[in-house]
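Colleague: Below are the structure tokens for one structure; questions will follow.
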Amino acid sequence: SSDLFPSHDRSHMKSFENAIKEKSKLVKVLGEKDHAILNFSDKNVRKMSEITKAEVLWYGNKTDFEKSKLTNYVCYSDVNVTTEGTNFVLYDKSENKEVKIKTKLIGTFHAANICAIYCVLKILNPYFVEHFDKGVHGLLLPLVGRMNIHSGPNDTLILNDSLRANPTSTAAILS
């Protein structure tokens with residue numbers, strides 16, 4: 001499941017509440033043999049676990065799990081963003097495994113996205129999880145118009161996020 005942000009209310013869903021309702025339908029239809037990968041850091045997404053029969057694999061920011069008794073989650077910490085990319089530590093709680101991640105993607109929010117990718121691969125093919133750090137660094141590249149660095153005038157750098165930028169994504173970039 002994706003995150004839910006107030007920017008969703010500008011879409012065809014008309015309101016933020018409608019976006020929550022529509023996205024909830026995705027997990028509600030899952031059965032007991034299915035998996036739901038949910039962002040624990042998003043309170044609206046967290047509530048979706050109450051309406052699914054699927055096995056939930058959580059992901060999110062490590063600090064959000066500190067008071068939790070959950071054991072089936074993947075989290076990130078120690079995020080460092082530079083003009084070269086984003087580095088962080090990915091931690092798989094159920095495997096008691098820590099992986100240092102280096103990616104060419106720029107932005108703290110990519111740590112959560114990459115944790116979600118890890119969760120998908122963990123379910124589909126554990127082989128990929130063993131080589132995850134190498135694949136992330138070499139294969140995940142920014143899309144044109146999404147967090148690209150360009151040289152600007154007077155030795156400045158321009159961060160181009162013009163493709164589908166919204167107030168929430170702009171705020172995330174600046175944080």
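Colleague: Projecting each Cα onto the charge dipole of the chain (Lys/Arg +1, Asp/Glu -1 at the beta carbon, about the Cα centre), which of LEU121, GLY60, ILE37 comes out farthest on the positive side?
Modeller: ILE37
Colleague: A further question on this structure: Based on Cβ point charges of +1 for Lys and Arg and -1 for Asp and Glu, what charge dipole magnitude is obtained for the chain about its Cα centre, in debye rounded to the nearest 20? Mind showing how you got there, number by number?
Modeller: Working: 23 positive and 20 negative charges, 89 e Å.
Here the size comes out at about 420 debye.
Colleague: By DSSP, what percent of the beta bridges with both residues in the chain are antiparallel, rounded to the nearest 5?
Modeller: Numbers: 18 of 27 bridges.
For the chain, the DSSP antiparallel bridge percentage is about 65.
Colleague: Please list the radius of gyration and Dmax for the chain, considering alpha-carbon atoms only, with Å as the unit.
Modeller: Expressed in Å, the Cα Rg and Dmax of the chain come to 17.1, 58.
Colleague: Can you give me the solvent accessible area of ARG46 with a 1.4 Å probe, rounded to the nearest 10 Å²?
Modeller: 80 Å²
Colleague: List residues of region 40-63, by number, whose backbone nitrogen lies under 19 Å from a label position 7 Å along Cα→C-beta of THR108.
Modeller: Residues 40-44, 59-63 qualify, since their backbone N sits under 19 Å from the label point.
Colleague: Collect residues whose amide H, placed 1.01 Å from N in the peptide plane, falls under 5 Å from the amide H of VAL56; neighbours closer than 5 in sequence don't count.
Modeller: ALA36
Colleague: Shifting gears a bit: Looking at the square roots a ≥ b ≥ c of the eigenvalues of the Cα gyration tensor of region 90-161, which shape do they give, rounded for a/c under 1.5, prolate if a/b is larger than b/c, or oblate? Can you show the working numbers first?
Modeller: Numbers: a/c = 2.97, a/b = 2.65, b/c = 1.12.
Prolate shape, in that a/c is at least 1.5 and a/b is the bigger ratio.
Colleague: Which of the residue pairs LYS93/LYS134; LYS23/LYS53; LYS21/LYS100; LYS47/LYS134; LYS21/LYS93 have a Cα-Cα distance greater than 26 Å in the structure shown? Could the numbers behind the result be given before it?
Modeller: Values: LYS93/LYS134 20 Å; LYS23/LYS53 16 Å; LYS21/LYS100 36 Å; LYS47/LYS134 34 Å; LYS21/LYS93 30 Å.
Over 26 Å Cα-Cα: LYS21/LYS100; LYS47/LYS134; LYS21/LYS93.
Colleague: On to the next question. Calculate what fraction, in whole %, of the accessible area of region 40-146 sits on carbon and sulfur atoms when a 1.4 Å probe is rolled over the protein chains. Kindly include the intermediate steps, with their values, before the conclusion.
Modeller: On the way: 3280 of 6120 Å².
The C+S portion of the solvent-accessible surface of region 40-146 is 54 percent.
Colleague: Please give the per residue accessible area of region 23-175, computed with a probe of 1.4 Å over protein heavy atoms only, in Å². Walk me through the intermediate numbers first.
Modeller: Numbers: 9330 Å² over 153 residues.
Heavy-atom accessible area per residue stands at 61 Å².
Colleague: Sticking with this structure for a sec: Kindly report, to the nearest 10 Å², the accessible surface of ILE37 as traced by a 1.4 Å probe over protein heavy atoms only.
Modeller: Using a 1.4 Å probe on the heavy atoms, I get roughly 30 Å².
The values are calculated or read from the model by the stated rules, or taken from the named source; none is laboratory data. Keep in mind the model is a prediction, meaning the values are calculated, not measured. So basically every Cβ, Gly included, is an ideal-geometry build from the backbone, and we count neighbours across all protein chains shown. Remember, those area values only see protein heavy atoms, side chains included, never the ligands or the DNA or RNA. Shrake-Rupley method; radii C 1.70, N 1.55, O 1.52, S 1.80 Å.
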